[in-house]
Amino acid sequence: MPIQRGGPVEGTPAEGAVFLTALTAGPIARVDIARETGLSSAAVTRVAKLLIDEGYLEYAPDQPAANDETRMGRPSSPLRVHARQTGSFGIIVRRDELIGMVCDLAGAPRVSERRPLADTTVAAAVAAIAAFYRELVERAEAAGFVVAPHDLGLSLSGDIDHDTGYVRYSPFLGWRDVDLGAAVSVAVGAPVVVENDVKALTVAEQWFGLGRGITNFAVVTIGTGIGCALVVDGGLVRGAHSVAGEIGHLPLGDPAVQCHCGAHGCVEAEASTKALLDSCRAVTGRDDLTIESAVELARSGDDGVRAIFARAGRLIGLALASVANLLGPERVIVAGEGVSSFDLFETAIREAFAEQAFGAAHQVPIHVRDLPFEEWARGAAAVAIQELVFPSRQRVAADVRRRPGVRRV
Ligand SMILES: [Zn+2]
């Protein structure tokens, strides 16, 4: 990822690397930061001093050293991110709800709230996001946080251009070509970074979850859509148009079935919650069926409904195998609201995966994570922290200038 000036202090690669190491591995001694980052000890010491002076890092209470000789020879207190100083804000926009999270600068959740989103027209949604953000700011200030002029992280499903904050297509909100980052930035008077919701969740998993310390992994989400985000060689893969990882649109299904994206045979066209429900209604002849009652029917042994879930599981398993064959992740993390009925998919997913994964790829462990949507909102806040550390995109509003550093407490 190209690193430009504008993050902590100067936003240099060394500053970003030291901050990120303290964030994901702290409290950590400078000597260990040097080993992790490949920077010289002198460089780490210089950068750490700058970041401490700016209030981004602090010394952790001294840990007992392994032995007295080490302690005397290397009087270095471990460093960690200065958690209390700055609130980081994340909001995930769902079809009927906004979920907001205020994290400290170390990414720990401090405040979370939910608000219904009754009207998903763009203007109404922007107004609702701005009102919700102001409420979160008040809550954060009441909790003792400094509200720094760094980005609000926004996440939503769909084809999102992270670099410009532009929403090209979000099927579940019915949005096409929406300049969301700029609109929200003007409404809230702060910079805004916009990210695909699964990619944002993956940043949180990489820093704080099952991806911590792992350089290659995939997050696959099942539910309203079939999403995926990839971390390769330690970096989130966005691709040239920010759409890398869209396994929901791999053509592994029935070519006669058209997807909402316009293509045919997409995994999502048969395995999303809506697709499952449509098929279950067709096979039972019950138009009043909900996804919850379909799950109950399957669990009570209805063969027709069970077969529909198994078919979806097979397609998801084939998609996971495609990811494993292409990128060789160390692990695959499955999340999303669909994991609440994972028992109905699991056998088919694992069988299809074992059948199609090539060679050693079939050994890739598949972990199932039942993460609440607050954790997704935390991902949006993590993207805001990421933007602070590794500013990598154009400004989304010319009139909102990033200020160098954050205010001191
Ligand atoms: Zn599709």
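Could you check the spin-label model distance between R35 and A256? Points 7 Å from the Cα along Cα→Cβ, value in nm.
Here the modelled spin labels are 6.1 nm apart.
Order of 111-122, 245-256 by packing, highest average Cβ count within 10 Å first?
Descending packing order for the listed peptides: 245-256, 111-122.
Taking θ = phi - 60°, what integer Hz values does the Karplus form 6.51 cos²θ - 1.76 cosθ + 1.60 yield along segment 273-281, in sequence order, with x for Gly and Pro?
4, 5, 5, 4, 5, 4, 5, 5, 5
Compare the peptides 182-194, 277-289, 319-331 by average per-residue count of other Cβ atoms within 10 angstrom and give them in order, highest first.
The most tightly packed comes first, giving 182-194, 319-331, 277-289.
Over the chain, what is the percentage of antiparallel beta bridges among all DSSP beta bridges, to the nearest 5?
The antiparallel fraction comes to roughly 65 percent.
So between D233 and E330, what do we pick up on full extension, going 0.36 nm a residue minus the alpha carbon distance?
Roughly 33.8 nm would be gained on extension.
Which value at 222 nm does the chain reach when only helices count, each DSSP H run of 4 or more adding -39,500 (n - 2.57), with the total divided by all residues and rounded to the nearest 500 deg cm²/dmol?
-12500 deg cm²/dmol
Need the full-extension length gain, E141 to Y59, defined as separation in residues times 0.36 nm minus the C-alpha distance. One decimal, nm.
Net length gain for the segment: 27.1 nm.
Tell me, what is the percent relative contact order of the chain, built from C-alpha pairs under 8 Å that lie six or more residues apart?
Over the chain, the number comes to 20 percent.
Given the Cα atoms of the chain, and with Rh set as the inverse mean 1/r over their pairs in the Kirkwood sense, what is Rg to Rh to two decimals?
In the chain, Rg relative to Rh is 1.01.
What base-10 log of the normalised intensity I(q)/I(0) is obtained for segment 214-368 from the Debye formula, alpha carbons as equal point scatterers, at q = 0.13, 0.15, 0.18 Å⁻¹?
Reported log10 I(q)/I(0), two decimals: -0.57, -0.75, -1.04.
Please sort 301-312, 133-144 by packing, taking for each peptide the average over its residues of neighbouring beta carbons within 10 angstrom, highest first.
301-312, 133-144
Treating the angle as unsigned and between 0 and 90°, give the value, to the nearest 10°, between the Cα long axis of helix 13-25 and the longest Cα principal axis of the chain.
70 degrees
Could you tell me what percent of the DSSP beta bridges with both partners in segment 214-368 are antiparallel, to the nearest 5?
So the antiparallel bridges in segment 214-368 amount to around 50 percent.
Bear in mind that the values in this text are calculations on the coordinates, not laboratory data. Since the structure is predicted, the reported quantities are computational estimates derived from the model, not experimental observations. Cβ coordinates were reconstructed from backbone atoms using ideal geometry, including for glycine residues, and neighbour counts include every protein chain displayed.
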